[in-house]
Amino acid sequence: MTAATTLTTDRLTLRQPQASDLPPYTDYCASPRTQFVGGPFDAAQAFDKFAAFAGHWALRGFGRYIMQQDGAPIGHVGPMQRDHRQPPEFTWTLWDSRYEGQGLATEAAAHVRDHLLGDLRWPEMIVHILPDNSGSIGIAERIGATRTDDTPPAWYEGAVVYRLTAEVSA
Amino acid sequence: MTVTFSTPTLETERLILRAPALTDFDVLADFYASPRAEFVGGPQSRELSWRNLALEAGHWVLRGFGRWTLVEKTTQNPVGIVGLWHPEGFPENELGWDLFDGATGKGYATEAAIAARHYAYDTLGWTTLTSLIAIGNDGSRRVAERLGATYDSDFTHERFGPMQLWRHPGPEALT
């Protein structure tokens, strides 16, 4: 069973990235919202990152979904795997602060978690979060991720490593 | 809505040009880790090589065109990446070529670039095409010359540094 290309939650459509997402993604990359992931990034960096985002689907058959609300892309959520020897990493991001505080990221992340760990029976995913990113830590805890003492990867120094396993995905 | 995109496959006398795939990763990572990658932002880590391969695949999704992995017919080995490229930060549509270790000196870059250029002109309807050549990359400049391209202007890429922009003959000059 391969990863669904589209998922639907109460309020969101989760779908694969497409060319029309590039302008709002580029705006997100230039904003302070990328502070926890090495940003801000200029338009050329945003293109490279988003192309890699889209290309991940082509290479691995799964990838991160665009969260779409009322037809507009508002963020992304899902698994990415740079190195096949490591478990996939689970990520979520809202592209603008006006989408915060409504539980949208949690709703999307919980749904994708259920699909991957439930439907597809993936054994585990990991989550990297910088310790001062309290919003993301809250989401990680709400979707059942457990904190570990594992060392983060070299490209994300200082991050705390969380683990998501099938047991918590009821 | 589901977005699917299929990369066309092209064929030349000695090569198959197909979509970048996961199976290209090891040889691509070796290329980017080698001194041969000095003109394309390398040498670099396997982690960055992964991003580069994903970028190659995703360029097709974002632009509707991109670069192909060259597969040598006799060995079935991936020997390089050639094709049409226009990421943000490039001045115009580009025809680019990178050959992996051991694949140089056989005319593969030229052979594949001719096929990619035909695709750009005949299938995509483009009317002009450029190639960016890093200063000092004499091998790449010679490929441009063999393709009939000529020096057009200087261009400084934010990450790759000073380069020369070469311009290919247009579709009318090739018929």
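The phi-based Karplus calculation (6.51 cos²θ - 1.76 cosθ + 1.60; θ = phi - 60°) puts the 3J(HN,Hα) values of the range B:143-149 at 4, 4, 5, 5, 7, x, 6 Hz, whole numbers, x for Gly and Pro.
If R0 is 56 Å, what FRET efficiency do you get for B:Thr128 and A:Tyr99 from their C-beta distance, rounded to 0.05? In this case the efficiency is close to 0.85. Only counting protein heavy atoms at a 1.4 Å probe, give the residues of the range A:22-60, ordered by number, whose accessible area falls by 40 Å² or more when the other protein chains are present relative to the chain alone. Those are A:Ala44, A:Phe47, A:Asp48, A:Ala51, A:Ala52, A:Leu59, A:Arg60, which lose 40 Å² or more relative to the chain on its own. Chains B and A together bury roughly 2200 Å² of accessible area, counting both sides, with a 1.4 Å probe on protein heavy atoms only.
Across peptide B:62-70, the mean count of Cβ atoms from other chains lying within 10 Å of each residue's own Cβ comes to 2. Element breakdown for the range B:10-174 at a 1.4 angstrom probe: carbon and sulfur atoms account for 50% of the accessible area.
In whole percent, how big is the carbon plus sulfur part of the accessible area of the range A:31-154, probe 1.4 Å, protein atoms only?
The computed percentage sits at 47.
Whole number in Å², please: accessible area per residue of the protein assembly as shown, 1.4 Å probe, ligands, DNA and RNA not counted.
Computed with neighbouring chains in place, this is 45 Å² per residue.
Distance from the C-alpha centroid of the range B:83-142 to that of the range A:5-81: 29 Å, rounded to the whole angstrom. Annotation: amide H-H contacts under 5 Å for A:Tyr65 (H modelled 1.01 Å from N, sequence separation of 5 or more, or interchain): A:Val77, A:Gly78.
Working note: Karplus 6.51/-1.76/1.60 with θ = phi - 60° gives the range B:157-163 the couplings 8, 4, 9, 8, x, x, 9 Hz, where Gly and Pro are set to x.
Within the listed set A:His128, A:His76, A:His84, the residue fluctuating most in the Gaussian network model of chain A (springs between alpha-carbon atoms under 10 angstrom) is A:His84.
When exposed loop sites are taken as GluC sites (Glu not before Pro) in a DSSP loop with at most 15 other Cβ atoms within 10 Å, the longest stretch of chain B clear of them is B:14-91. Burial of accessible area (probe 1.4 Å, heavy atoms of protein chains only) in the range B:8-50, relative to its chain alone, reaches at least 50 Å² for B:Leu22, B:Glu47, B:Trp50.
With r defined as the distance between the Cβ atoms of B:Asp101 and A:Asp10 and R0 fixed at 56 Å, what FRET efficiency is calculated, to the nearest 0.05? Approximately 0.60, to the nearest 0.05.
Extending 7 Å from Cα along the Cβ direction at B:Glu13 and again at A:Ala30 yields two label points whose distance is 4.9 nm. In order along the range A:124-130, the phi-based Karplus estimate (6.51 cos²θ - 1.76 cosθ + 1.60, θ = phi - 60°) of 3J(HN,Hα) comes to 6, 9, 10, 10, 10, 9, 5 Hz; Gly and Pro are listed as x.
With 10 Å² as the minimum drop in accessible area between chain alone and full protein complex (1.4 Å probe), the qualifying residues in the range B:77-96 are B:Pro87, B:Glu88. Note on A:Asp150 and B:Thr150: their simple-model spin labels are 5.9 nm apart, each label 7 Å out from Cα toward Cβ.
A convex hull fitted around the alpha carbon atoms of the protein assembly as shown yields 143 Å³ per residue.
The values are calculated or read from the model by the stated rules, or taken from the named source; none is laboratory data. All figures in this text were calculated on a predicted structure; none of them were measured in a lab. Counting neighbours? That spans all protein chains shown, and the Cβs are built from the backbone with ideal geometry, glycine included. When the accessible area is computed, the model is the full protein with side chains, heavy atoms only, and any ligands, DNA or RNA have been set aside. Shrake-Rupley method; radii C 1.70, N 1.55, O 1.52, S 1.80 Å.
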